[in-house]
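The values are calculated or read from the model by the stated rules, or taken from the named source; none is laboratory data. No experiment lies behind these values; they were computed from the predicted model shown. Every residue, glycine as well, gets a Cβ built from its backbone with ideal geometry; the counts of neighbours run over all protein chains shown. In case anyone asks, the SASA skips ligands and DNA or RNA and just uses the protein heavy atoms, side chains included. Shrake-Rupley method; radii C 1.70, N 1.55, O 1.52, S 1.80 Å.
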Amino acid sequence: MRRRRKHHNRRRGGIGLSAAVTLCLAASLLLFARAGGEEMVQDLISRLAGNGDFIARAVALELGLSPETAEVYAPRTAAAARSEDADDPVAESTYIPLEEENDAPVLDAADKAATITVNNETSYDVDVAACLASGTAIRADGDGPQVLIVHTHGSESYTPDAAFPYSPSENTRTTDTRYNVVRVGDELQKVLGDNGVQAVHIRNIFDSPTYSGSYDRSLAAIDEALSEYPTIQVVIDVHRDSILTDDGTAYKTSCTIDGTEMAQLMFVVGTDEGGLYHPNWQQNLNYVTGLQYRLNRSYPGLMRPVNLRTQRFNQHASTGSMLIEVGSSGNTMTEALAAIRLFGQTLADDLTGA
């Protein structure tokens, strides 16, 4: 699903106070520099130049936008994009949190639920504390594969960079598995394997050449794999999100962990509210909530809020099913791979009880 980032234009008269304050600040810095504080002023300017929030607000001021609304993302509203049977490329998430909601969670809160945010797009009541208190956990059991990795929209790709140069289609998609989310799945499978968890990876492209029916085709492959490998306990459908402005500019969801910029991740959890059979969706939500808590504690800022939806996204196939959005079309493959490595390590630790 493509979502358009709304620009809320305002007359410059509406930002007169902000402009006046900025001019006064600039004048004060100039006077202070001339009074012998030039070195301190240069240091302050350098730090401001590296502050993303300051730059965003400065640009908003220059363009005549309200700083409070300049960084608000809004979901696309066309009904077709909320359907699993869409004829055109869509993504599953419809929620993009306000920038302040992407800050590191409160990890020292006495209540675990304070570290989890669920964007609930259903009419069901969700009690995060109850989800966590359920103690829903999945542990590796037996000698066979424990995880199934699949891609309902396998052609979803990323913004090219020096490490992964390619020519994407208009919708940032490619069937070349070196550059789409199948490559992300390869990395996840490798990380899990390196940490003692065997995974099966379905590398088929289900959304090309025909997009419509992607979920039907991926469900058939999931059912076949579950039948062939009865030890599988977790099913992961790996996607990437898409955030576009009205002029087609792609934005990314990113964070910095241990000095490395990487894509943010988001769980999308399906329910039965859309009318499709999915009686055990609450168990999936309980499991994902616990995993989100562990990820938030280990890597603050990596996870976007959990997105609870009316669609089921094939998650009825097995308890322990999840859909994960790895970054957005504005992210690079390099950023996506860095993020999925951390997720894979955490998932492996969770499955093995480490």
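Summing +1 for each Lys or Arg and -1 for each Asp or Glu, what net charge is found among the other residues whose Cβ lies under 12 Å from the Cβ of residue 232? Write out the running numbers ahead of the final one.
Values: positive: none; negative: 141, 223, 224, 228.
Charge balance in the 12 Å sphere: -4.
Rounded to the nearest 10 Å², what accessible area does residue 316 have for a 1.4 Å probe in the complete protein model?
Counting only protein heavy atoms, residue 316 exposes about 50 Å² to solvent.
Working out 0.36 nm times the residue gap between residue 228 and residue 123, then minus their Cα-Cα distance, what length gain in nm do you get to one decimal? Numbers along the way, then the final one.
On the way: separation 105, 0.36 × 105 = 37.80 nm, distance 3.65 nm.
So the chain would gain 34.2 nm between residue 228 and residue 123.
Considering only the other residues whose Cβ falls under 10 Å of the Cβ of residue 273, what net charge follows from Lys and Arg at +1 and Asp and Glu at -1? Each step should come with its number before you reach the end.
Working: positive: 309, 312; negative: 121, 272.
Local charge sum for residue 273: 0.
Hey, rough spin-label estimate for residue 167 and residue 297, points 7 angstrom out along Cα→Cβ, what's it come to in nanometres?
According to this spin-label approximation, the distance is 5.0 nm.
Would you please give the FRET efficiency between residue 261 and residue 40, computed as 1/(1 + (r/R0)^6) with r the Cβ-Cβ distance and R0 = 30 Å, to the nearest 0.05?
Values: r = 29 Å, r/R0 = 0.97.
After rounding to 0.05, the efficiency reads 0.55.
For the residue pair residue 349 and residue 277, what label-to-label distance in nm results when each label sits 7 Å from Cα along the Cα-to-beta-carbon direction?
3.9
Looking at the square roots a ≥ b ≥ c of the eigenvalues of the Cα gyration tensor of the range 190-281, which shape do they give, rounded for a/c under 1.5, prolate if a/b is larger than b/c, or oblate?
Numbers: a/c = 1.78, a/b = 1.22, b/c = 1.47.
Oblate shape, in that a/c is at least 1.5 and b/c is the bigger or equal ratio.
In the neighborhood of residue 173, defined by Cβ-to-Cβ distances under 9 Å, what is the net charge if each Lys or Arg adds +1 and each Asp or Glu adds -1?
Residues close to residue 173 contribute a combined charge of -3.
So how much slack lies between residue 175 and residue 217, counting 0.36 nm per residue of separation and subtracting their Cα-Cα distance, in nm? The partial results should precede the final answer.
Values: separation 42, 0.36 × 42 = 15.12 nm, distance 1.62 nm.
Length gained, residue 175 through residue 217: 13.5 nm.
How big is the charge dipole of the range 175-216 about its Cα centre, in debye rounded to the nearest 20, if each Lys and Arg gets +1 on its Cβ and each Asp and Glu gets -1 on its Cβ? Kindly include the intermediate steps, with their values, before the conclusion.
Working: 4 positive and 6 negative charges, 20 e Å.
Using only the charged Cβ atoms, the result is roughly 100 debye.
Is the range 311-354 rounded, prolate or oblate when judged by the Cα gyration tensor, a ≥ b ≥ c being the square roots of its eigenvalues, rounded requiring a/c under 1.5 and prolate requiring a/b larger than b/c?
oblate
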